[in-house]
Amino acid sequence: MGAMSARPNPEAAARQAENTAPHRAGFACFVGRPNAGKSTLTNALVGQKVAITSNRPQTTRHTVRGIVHRPDAQLILVDTPGLHKPRTLLGERLNDVVRTTWAEVDVIGFCLPADQKLGPGDKYIVKELAGIKKTPKIAIITKSDLVESKQLAEQLLAVSRLGEELGFEWAEIIPVSAVKDDQVGLLADLIAPLLPESPPLYPEGDLTDEPEMVMVAELIREAALEGVRDELPHSIAVVVEEMLPREDRPADKPLLDIHANVYIERPSQKGIIIGPKGKRLKDVGTKSRKHIEALLGTPVFLDLHVKVAKDWQRDPKQLRKLGF
Ligand SMILES: Nc1nc2c(ncn2[C@@H]2O[C@H](COP(=O)(O)OP(=O)(O)OP(=O)(O)O)[C@@H](O)[C@H]2O)c(=O)[nH]1
Ligand SMILES: [Mg+2]
């Protein structure tokens, strides 16, 4: 028998002649336990802060899209809330968001921190991922800068074995450090060929599709999270009520008035957020204002108020009001 001859494909031949691969575009989501480094990695790939981060678990509360533009591909990264055992209605809603997201994307990136033992929480997530047969899955060992190479090798092996145990093979397994910018570019190189052939889905230069008011609220929440302990981080929610250019300002000296409410769950938390003589709240305002001004490119007057939304994490009505 002679060799099988491929049908002529003029398009492919032309491409080969020019040596250009088809342009690809699509969605890749990052999933993993809270605090695994998903948002930090998203920001590192995009090259700009599109998602807030903190050392408190469950920082991210909605999906955030970060867009990476390359000549050969457009990667739309979908950062998701950490998947966890829910203790509140909010927690359940967040987990639902993650499950909806991973069912819709072209590539799933499972994030596992290098410095944490692969635990029941991770296994629970990977087991669910194993059920999504059609989607290629990449295991990403995050925070590689925190461990020695021996520990890193063990983690790579552990995650590879977990895939085997659950009856699937990772499309790739890669260690990265978002903080040290180690292998972040390589991760993008690995995701790109897994995306479908497509023209770009977002205009050149768009880095996210987050509305400005949401980003502003998130930057305030990020500043408010810093230094608070125990249950308080979970209790904080921020809503921007209004953003208006101040009237009667000369054109070369604009000022944007931003009014935002910082919600907590109980009156007893008010004192902690505000701090002695209002110092903490003032610091939150100063710190977040700098980030907001950088984001919007205009001077800002930030007016923050602390309000109690009683037990909002468990109350469907309050959750709706706060945008969940
Ligand atoms: N050393 C080191 N720390 C990192 C790295 N990536 C993230 N972190 C830290 O890990 C903590 C959690 O990072 P996030 O990106 O907010 O984690 P997340 O997975 O988005 O967390 P949730 O939104 O709560 O699910 C922060 O304190 C980060 O600074 C890394 O590559 N190296
Ligand atoms: Mg996050």
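Each principal axis of the chain carries a Cα extent, and these read 87, 51, 40 Å when sorted largest first.
Using every pair of distinct Cα positions in the range 187-244, the Kirkwood expression returns a hydrodynamic radius of 15.0 angstrom. Highest mean packing first, where packing is the average number of other Cβ atoms within 10 Å per residue, the peptides 107-118, 50-61, 181-192 line up as 107-118, 50-61, 181-192. Rounded to the nearest 5, the antiparallel percentage of DSSP beta bridges internal to the chain is 35%. Shown is the FRET efficiency for I272 and E148, computed with R0 = 41 Å from the Cβ-Cβ distance and rounded to the nearest 0.05: 0.60.
Given R0 = 30 Å, the distance between the Cβ atoms of K180 and D303 translates into a calculated FRET efficiency of 0.20.
Neighbour counting of Cβ atoms within 10 Å sorts the residues K150, K38, K270, fewest neighbours leading, into K150, K270, K38. Per-residue Cβ neighbour counts within 10 Å put S160, S288 in the sequence S160, S288, beginning with the fewest. Would you mind checking the tilt of helix 279-296 against the longest principal axis of the Cα atoms of the chain, expressed as 0 to 90 degrees and rounded to 10? Here the helix axis deviates by roughly 50 degrees.
Here the Gaussian network model covers the chain, with springs between Cα atoms less than 10 Å apart; of R280, R93, R249, R249 fluctuates the most. Mean residue ellipticity, 222 nm, helices only, the chain: the sum of -39500 (n - 2.57) across DSSP H runs of n ≥ 4, divided by residue count and rounded to 500, is -11000 deg cm²/dmol.
Given the C-alpha centroids of the range 187-260 and the range 52-112, what is the distance between them in whole angstrom? Here the two parts' Cα centres lie 15 Å apart. Short-range pairs are left out: with C-alpha atoms under 8 Å and at least six residues apart, the relative contact order of the chain is 17 percent. Annotation: extensible slack from D115 through E169 equals 17.2 nm (criterion: 0.36 nm per residue apart, minus Cα-Cα distance). Residue order for F27, F301, fewest other beta carbons within 10 angstrom first, comes to F301, F27.
With both labels modelled 7 Å from their Cα along Cα-to-Cβ, the H259 to E212 distance reads 1.8 nm. The label-point distance for R320 and D189, in a model that sets each label 7 Å from Cα toward Cβ, rounds to 5.1 nm. Provide the net charge surrounding R61, with neighbours chosen by a C-beta distance below 13 Å and charges set as Lys +1, Arg +1, Asp -1, Glu -1. Surrounding charge for R61 is -2.
Each value in this text was obtained by applying a stated rule to the coordinates, not by laboratory testing. Keep in mind the model is a prediction, meaning the values are calculated, not measured. Ideal geometry is used to build each Cβ from the backbone, glycine not excepted, and the neighbour counts take in all protein chains shown.
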